[in-house]
Amino acid sequence: MSAAGPLDEAAAREVEEQLTTTHRQQINRRIPIPLPRPDFWNAVSRLLHSIDLELHEAVRKHGFDLRVQNLQRRQATIRRVASELARRRLVAMMQHASSQSLRSPSPAGQPNELPSLDWSRHDPAEREFYTTMKEQMDRFKLAVDWASMQNGLPAEAAARDRSHLGCEGCRARCVGCGGAEA
């Protein structure tokens with residue numbers, strides 16, 4: 001099968017089944033599930049291209065008969081499912097990227113609750129989308145000073161650090177050791 005050519009009937013049915021199965025599996029998931037094949041979106045595009053060609057040929061030969069109507073319904077269903085799957089996957093990627101980017105670091109010993117994505121099981125265009133989204137999240141965090149919101153003002157952190165220096169034997173008066181000298 002060429003990269004841009006139409007699919008034969010068996011391959012078209014296989015891609016259609018993969019599309020509906022993947023859509024059904026993705027519906028209630030908050031992270032994008034692995035795709036059934038590395039060229040998934042290209043295969044869906046080829047499936048729709050094949051149906052387009054079949055539709056044009058059927059209209060040319062027979063006019064608008066029952067076969068054409070069935071093909072049109074099948075095409076509309078595939079387009080709707082593909083659109084819904086893409087939307088759900090992109091939302092799941094956005095949730096994953098924002099959760100990864102905005103969450104606080106977990107204490108040592110606690111497991112990471114959000115698994116990283118295995119990009120060998122996702123489309124390269126989805127990875128590009130995800131990477132761009134992570135870059136935008138970093139810009140957002142800089143624009144709203146996310147680090148200060150999460151960690152407090154730098155002066156507060158410095159004051160906390162100074163208070164502990166006295167307890168460790170500093171020669172100056174500090175809050176941590178109550179003004180005692182080492």
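Given the Cα-Cα distance of Arg127 and Ile27 and 0.36 nm per residue of separation, how much length would full extension add, in nm? Could you put the intermediate results ahead of the total?
Working: separation 100, 0.36 × 100 = 36.00 nm, distance 1.99 nm.
Gain in length upon complete extension: 34.0 nm.
Return the carbon/sulfur percentage of the accessible area of the stretch 1-65, one whole number, probe 1.4 Å, all protein chains in place. List each step's numbers first, then the result.
Values: 2090 of 3930 Å².
Ligands and nucleic acids excluded, carbon and sulfur give 53 percent.
With a ≥ b ≥ c taken as the square roots of the eigenvalues of the C-alpha gyration tensor of the stretch 1-58, please select rounded if a/c is under 1.5 and otherwise prolate if a/b is larger than b/c or oblate if it is not? Kindly include the intermediate steps, with their values, before the conclusion.
Numbers: a/c = 2.80, a/b = 2.05, b/c = 1.36.
Cα axes put the stretch 1-58 in the prolate bin.
For the stretch 10-84, what is the accessible area per residue in Å² when the probe is 1.4 Å? Write down the numbers at each step before the final one.
Numbers: 4430 Å² over 75 residues.
Heavy-atom SASA per residue in the stretch 10-84 reads 59 Å².
Calculate the dipole size of the stretch 1-92 relative to its Cα centre from +1 charges on Lys and Arg beta carbons and -1 charges on Asp and Glu beta carbons; express the result in debye to the nearest 20. Before the final figure, lay out the partial values.
Values: 16 positive and 11 negative charges, 111 e Å.
Result for the stretch 1-92 is approximately 540 debye, rounded to the nearest 20.
Highest mean first, how do 73-84, 56-67, 14-25 rank when packing is the count of other Cβ atoms within 10 Å averaged over residues?
Numbers: 73-84: 14.2, 56-67: 11.6, 14-25: 16.7.
For the peptides 73-84, 56-67, 14-25, the packing ranking is 14-25, 73-84, 56-67.
The values are calculated or read from the model by the stated rules, or taken from the named source; none is laboratory data. Because the structure is predicted, anything quoted here is derived from the model rather than measured. With ideal geometry, Cβ positions are generated from the backbone for all residues, glycine too; neighbour counts draw on all protein chains shown. When the accessible area is computed, the model is the full protein with side chains, heavy atoms only, and any ligands, DNA or RNA have been set aside. Shrake-Rupley method; radii C 1.70, N 1.55, O 1.52, S 1.80 Å.
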